[in-house]
Amino acid sequence: MTEPSRGLAPLRAILGFLAPYKWRMVGAALALIFTAGATLSLGKGLQILIDQGLSNGTLADLRSAVFVMVIIAAAISVGTFVRFYLVSWLGERVSSDIRSAVFRNLVRLHPGYFEINRSGEIMSRLTTDTTLLQTIIGSSFSMALRSSLTLSGALVMMFITNFQLSLYIVGSVPLILLPILIFGRRVRSLSNQSQDSIASVGSYAGEVIQNIKVVQSYTRESFEISAFDGEVERAFQIARKRIRQRSLLICGAILLLFFGMSAMMWSGGQDVISGRMTGGELAAFSFYAIMVGAGFGTISEVWGEVQRAAGAAERLLELLHTESLIEDPNGQDIINKQPVVALQNVTFAYPARPETPALSDFSLPIEAGKSLALVGPSGAGKSTVFELLQRFYDPQEGSVLVDGLDMRELDLGEVRRLTALVPQQPALFTGDVRYNIAYGRLDASEAEIHAAARAAHAHDFVEQLPDGYQSHLGEQGVRLSGGQRQRIALARAILNDPRILLLDEATSALDSDSEFQVQKALEELMVNRTTVIIAHRLSTILHADQIAVMDQGRLVDTGTHEELLGRCELYARLARLQFRDTQQAEPGSVSNLPASTLESGPSDPD
């Protein structure tokens with residue numbers, strides 16, 4: 001989070017989004033000026049009505065005076081319609097543009113940004129804060145401009161009508177500005193806190209709902225309800241303080257103004273009684289004085305909203321101007337069908353854990369068209385290799401090379417199209433089966449989608465869904481089993497036809513029969529394709545061309561299964577742990593186990 005800035009500079013930056021709609025702004029401004037002028041003319045109309053239509057006037061004079069009032073009212077109503085429509089349109093349009101601009105920047109940010117910023121808070125900024133800005137631009141800002149115009153015009157008309165009485169009103173103006181300056185700053189600070197607390201409430205609720213099965217399985221409903229109530233109460237207490245400050249601001253401004261108006265009415269009433277002023281003039285003057293009072297009241301009220309909007313704008317601008325740490329040089333494309341990839345002297349630590357390297361001086365060649373398995377205990381750095389190969393992060397030292405070129409010099413989109421990942425926990429979107437399979441190639445034909453589903457052994461169960469490939473899967477694919485979700489993710493990767501296939505124990509969620517079938521599909525897919533596999537179960541990678549053993553972010557050894565059993569103590573220990581139920585072997589005897597024996601044993605996930 002950035003430190004809150006002072007003043008209304010964030011709002012001025014947000015108002016830059018109005019520039020493409022300058023003609024609508026001009027129309028709204030003209031309608032605003034027209035309506036303000038018509039409203040100000042009501043005072044003169046009131047004076048004519050009293051002095052000519054009611055005091056010693058004829059019926060014709062009264063008719064004329066009433067007709068003038070009707071014409072003025074009609075002008076005000078038409079002007080208000082045009083102004084309200086155009087200003088409301090601008091508010092909705094600009095808030096939509098801001099949402100789109102912020103989202104465009106968000107989806108291009110490096111994944112590390114989301115490690116240290118809560119998704120619920122980001123979504124609150126994207127929705128709640130933009131809605132607040134829409135209210136300001138489409139309503140409150142227009143009210144403030146209208147009130148400023150009518151207030152200024154009413155002051156001028158007051159001096160024209162009666163100079164002496166106007167001094168009573170003008171003399172109270174500095175006193176009216178006092179509460180606006182004092183309480184406005186407090187409202188701004190509390191508004192920032194209020195928006196942050198609302199974001200925290202939304203983030204907390206989203207996390208609980210997303211993990212509702214865990215909450216219920218551990219019977220933590222009462223605890224989460226209590227904790228959520230605490231978050232809500234904290235947000236309410238901050239909002240209560242903000243409302244109190246705004247109420248004091250409005251109360252003080254109106255009270256001070258009407259003290260001045262009371263003094264004016266006392267003096268003006270004496271002038272009417274003594275004959276120095278007509279009743280119509282006093283009525284007109286009172287009308288203008290009320291407009292001044294209403295104008296200050298509206299401005300003082302809107303000022304609190306403007307302060308809130310400034311806080312919201314500041315939070316949105318922070319998202320809008322956040323730059324991704326992964327720069328796209330729009331460099332050259334990858335020419336070779338099967339590029340050679342290598343990690344060279346890589347040292348990398350995640351942004352959330354800068355003091356703990358995930359990889360240290362790590363070098364690993366990945367031979368084109370071959371399969372490479374990554375093996376090691378939890379925390380060895382296997383998943384980090386995948387992250388770097390997709391360029392979700394850049395190493396602090398060393399480089400990831402593609403055909404001898406640093407990946408940072410290549411086109412970012414081309415680098416990511418180079419690979420397809422089938423994760424252990426597949427990510428599905430709220431949509432139908434077709435959308436999820438074709439996510440990487442939305443232009444794919446139905447035949448291609450069905451072929452990919454068949455290759456992943458997903459076609460049969462998809463056809464049995466209520467609407468087949470048009471069946472909606474629910475949020476994160478909740479309507480499918482774990483094995484079905486994984487086969488959909490595999491079909492997505494198959495359809496994408498990547499040059500490098502990344503498999504994070506891609507068959508771990510499947511039953512034995514499906515695992516065998518999908519393993520055969522993967523073997524076909526891996527032919528003449530560079531494949532990197534994170535292996536938690538050694539039985540799945542016994543026939544990999546190369547196996548890289550990792551531990552604590554370093555490369556321990558590379559070789560085939562048989563070679564590593566004979567010379568790598570860590571690999572032999574992992575094999576012994578996974579296959580101990582099949583062969584009660586003495587330490588050191590694992591190297592004598594044939595591959596067929598090892599394959600038949602049960603597995604322990606890493």
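Here, each number is a calculation from the coordinates, and none is a lab measurement. These numbers were taken from a predicted model, which means no experiment stands behind them. Here the Cβ positions follow ideal geometry from the backbone for every residue, glycine too, while neighbour counts run over all protein chains shown.
Modelled this way, with points 7 Å down the Cα-to-C-beta line, the labels at A75 and S274 are 3.5 nm from one another. Per-residue Karplus couplings for segment 140-153, computed as 6.51 cos²θ - 1.76 cosθ + 1.60 with θ equal to phi - 60°, are listed in order as 4, 5, 5, 4, 5, 5, 4, 5, 5, 5, 5, 5, 5, x Hz, Gly and Pro entered as x.
Can you list the residues, at least 5 places off or on another chain, whose amide H is less than 5 Å from the amide H of M550, using H built in the peptide plane? Sorted by chain and number, the residues that satisfy this are V375, G376, V556.
If R0 equals 41 Å, the separation of the Cβ atoms of L405 and E448 corresponds to a calculated FRET efficiency of about 0.85. Our estimate of slack between L59 and S222, defined as 0.36 nm per intervening residue step minus the Cα-Cα distance, is 51.1 nm.
Between V26 and F84, the C-beta separation translates, for a Förster distance of 22 Å, into a calculated FRET efficiency of about 0.85. Taking amide H as placed 1.01 Å from N in the peptide plane, S399 has its amide H under 5 Å from the amide H of Q344, V346, each at least 5 places away in sequence or on another chain.
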